[in-house]
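Student: Let me give you the structure first, and then I'll get to my questions.
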Amino acid sequence: MWHDTYLRVVLQPDYDYASEHLLPHLFDALSAHALMLDACGVAHAGTAATLLREIRRQPFPAYDPSVEDVFFTLDRELAARDASAAGALRTALSRNDLDMTIYRLSARLRLMRAMERVLRLRRTLLNLAAREIDTVIVAYTHHQPAQPTTLAHYLTAVENVLARDTVRMLGAMTHLNISPMGAVALGGTSFPIDRTLTSTLLAFDRPIENTYDAVSASDWQVEIASVITVVSTTLSRMLYDLLFWASRGLLSLEDGLVQGSSVMPQKRNPVALEHARTKFSKAIGVTQSVIISSHNVPFGDINDPGPDMQPPLTSMWHDFRDGLELLIASLTHPNLNREEWLREAQQGESVVTELADVIARHTGCGFREAHAHVKTLLDHLHARGRAVSTLTAADLGAVGLELPEAEVRSALNPAEFIARRTTFGGPAPSVMAGEIAAARERLDADTNHHDHLTTRFVSARTHLEGGS
């Protein structure tokens, strides 16, 4: 009998976790194994496949301390129906390769769901960007106002990163979606099994080439955790900006996403954004435990990167999911103070780069000299307590520069600043529509890829469950 402490601390929590999160994958893996054995001529394996399909439609037994885990619970259920079928199923099978297969199947489903949410967030960003092509904002560098751009330019920048993150997630899928089944304990088997068939039945891309690798490696879990860290880090940076804008009244959320105060009637706290930030921070924190659990442990079948890693991974997926859902909801119909954003651009100094550009073009001096002229002009204005928006051709004349008044006014116009930046990837409205269209095409291609994988994985499960 197991020690009471081990039952309470390890076996029962593991059983509860597996019952809640892993059972469909356990049935999938064992059904594929049974169908493969039947195709290889192992007696009673076909009966095992049929019985597995029956058992999976029934409530799974509750925890029983006399049975070690869900596998042996299922083994006992199968043996009670047909001992020969249960015996056949155990041919060329170990919990080592079975567990690693189940963990990969679970991670595959979670990764697919995470990708679907990232794709939805990308579409949300592009939809909002399409509405805000002309919305002027002031971009900051080093926490200081830098240059005018548009909200669309900002949003498509974030979507651009998420497009790369989607590629990272699909790359992680290629390393995840390979089959350990048939590796048995670690050295394979002397039975003439067909590992490729099992892999195909489970919609894996191929069997893992080395059976020792199949039951030992945790690189794919570390890679997934790393990808989630990358995505969460980017989104946490966007959340910093959204909260900064909200604090200045430039952006507010719709009613169901803000919280009032019990004492301050005016408060509309953007709590959905705060909670999203926390979710991504927690996801990043949990990923570190996933990485550390694979660090400095033997390369072989071991609990650290095996069953002990699964609950932290689940926590990571849940926090990542919740953060994405909150962001999608927040950015679907935000309230934007476009007038205040424009006022900041008009009254601040973020436009003076264009003034230096105009001086260089009109006078023929180099940009270095034009840059120095603008710094001199700024010193002149600051000494007199004047804003850049009051600058005139006469002020330029005072420092030896000849420029028409219309050119000065145009150079200090934030909308014209933006309209002139028509280089590839720039914010000009004349090119931004094309950039958004190209981003939508890329998103559609990624969505189609995701849909194709979804169809493939769902079809595999349907077949294993006994459907058509």
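The values are calculated or read from the model by the stated rules, or taken from the named source; none is laboratory data. Not measured: the values here are computed from a predicted model. Here Cβ is always computed from backbone atoms with ideal geometry, including for glycine, and neighbour counts include all displayed protein chains. The accessibility values were calculated without ligands, DNA or RNA, using every heavy atom of the protein model including side chains. Shrake-Rupley method; radii C 1.70, N 1.55, O 1.52, S 1.80 Å.
Student: Out of these labelled values of Rg and Dmax of the Cα atoms in Å, (1) 26.4, 94; (2) 21.3, 74; (3) 30.1, 101, which was calculated from the coordinates shown here?
Tutor: Calculated Rg and Dmax of the Cα atoms in Å: the matching label is (3).
Student: Going by a ≥ b ≥ c, the root eigenvalues of the Cα gyration tensor, does the range 243-370 fall in the rounded group (a/c under 1.5), the prolate group (a/b larger than b/c) or the oblate group? Could the numbers behind the result be given before it?
Tutor: Numbers: a/c = 4.32, a/b = 1.59, b/c = 2.71.
It comes out oblate by the Cα gyration axes.
Student: Relative to the longest principal Cα axis of the chain, at what angle does helix 23-39 sit, 0 to 90 degrees, rounded to 10?
Tutor: 50
Student: A follow-up question, please. Among 313, 352, 300, whose Cα sits farthest toward the positive end of the charge dipole of the range 252-377 (+1 at Cβ of Lys/Arg, -1 at Cβ of Asp/Glu, about the Cα centre)?
Tutor: Checked the options; the winner is 352.
Student: Now, a different point. What's the extension gain from residue 112 to residue 185 if we count 0.36 nm per residue and subtract their Cα-Cα distance? Don't skip to the answer; put the middle values down first.
Tutor: Details: separation 73, 0.36 × 73 = 26.28 nm, distance 2.88 nm.
Between residue 112 and residue 185, full extension yields an extra 23.4 nm.
Student: May I pose another question? Hey, if we sort 280, 72, 191 by accessible area with the 1.4 Å probe, largest down, what's the order?
Tutor: The ordering from most to least exposed comes out as 191, 72, 280.
Student: Hey, with R₀ at 22 Å, roughly what FRET efficiency would residue 72 and residue 194 work out to, going by the Cβ-Cβ distance, to 0.05? Show your work: numbers first, answer last.
Tutor: Working: r = 26 Å, r/R0 = 1.17.
After rounding to 0.05, the efficiency reads 0.30.
Student: Under the Karplus relation 6.51 cos²θ - 1.76 cosθ + 1.60, θ = phi - 60°, what is the ordered set of whole-Hz ³J(HN,Hα) values for the range 298-305, x standing for Gly and Pro?
Tutor: x, 8, x, 5, 7, 6, 3, x
Student: Where in the range 105-139 does the amide nitrogen come within less than 20 Å of the point 7 Å from the Cα of residue 347, taken along Cα to Cβ?
Tutor: Once the point is set 7 Å along Cα→Cβ of residue 347, 135-139 turn out to lie under 20 Å by backbone N, inside the range 105-139.
Student: Roll a 1.4 Å probe over the protein heavy atoms and report the accessible area of residue 66 in Å², nearest 10.
Tutor: Counting only protein heavy atoms, residue 66 exposes about 80 Å² to solvent.
Student: Taking the Cα centre of the range 1-109 as the origin, how large is its charge dipole in debye, to the nearest 20, when only Lys and Arg (+1) and Asp and Glu (-1) carry charge on their Cβ atoms?
Tutor: 300
Student: Find, among the trypsin sites (Lys or Arg not before Pro) in the range 154-259, those assigned to loop by DSSP (not H, G, I, E, B) with at most 13 other beta-carbon atoms within 10 angstrom. List each step's numbers first, then the result.
Tutor: Numbers: sites: 164, 168, 195, 237, 248; in loops: 248.
The qualifying sites are 248.
Student: So how much slack lies between residue 255 and residue 291, counting 0.36 nm per residue of separation and subtracting their Cα-Cα distance, in nm?
Tutor: Separation in residues times 0.36 nm, less the Cα-Cα distance, equals 9.0 nm.
Student: Give me the distance between the Cα centres of the range 235-265 and the range 438-462, rounded to whole Å.
Tutor: 34
Student: Here is a follow-up. By how many nm would the segment from residue 79 to residue 10 lengthen if fully extended, with 0.36 nm per residue of separation less the alpha-carbon distance?
Tutor: Values: separation 69, 0.36 × 69 = 24.84 nm, distance 2.56 nm.
Here the segment from residue 79 to residue 10 would lengthen by 22.3 nm.
Student: If r is the Cβ-Cβ distance from residue 308 to residue 58 and R0 is 25 Å, what FRET efficiency results, to the nearest 0.05?
Tutor: FRET efficiency, residue 308 to residue 58: 0.30.
Student: Quick check: net charge around residue 386, other residues with Cβ under 13 Å of its Cβ, Lys/Arg +1 and Asp/Glu -1?
Tutor: Values: positive: 384; negative: 349, 379, 395.
Once positives and negatives cancel, what remains is -2.
Student: Given a Förster distance of 56 Å, report the FRET efficiency between residue 142 and residue 213 from their Cβ-Cβ distance, rounded to the nearest 0.05. Please list the in-between numbers first.
Tutor: On the way: r = 47 Å, r/R0 = 0.83.
So, using R0 = 56 Å, E works out to roughly 0.75.
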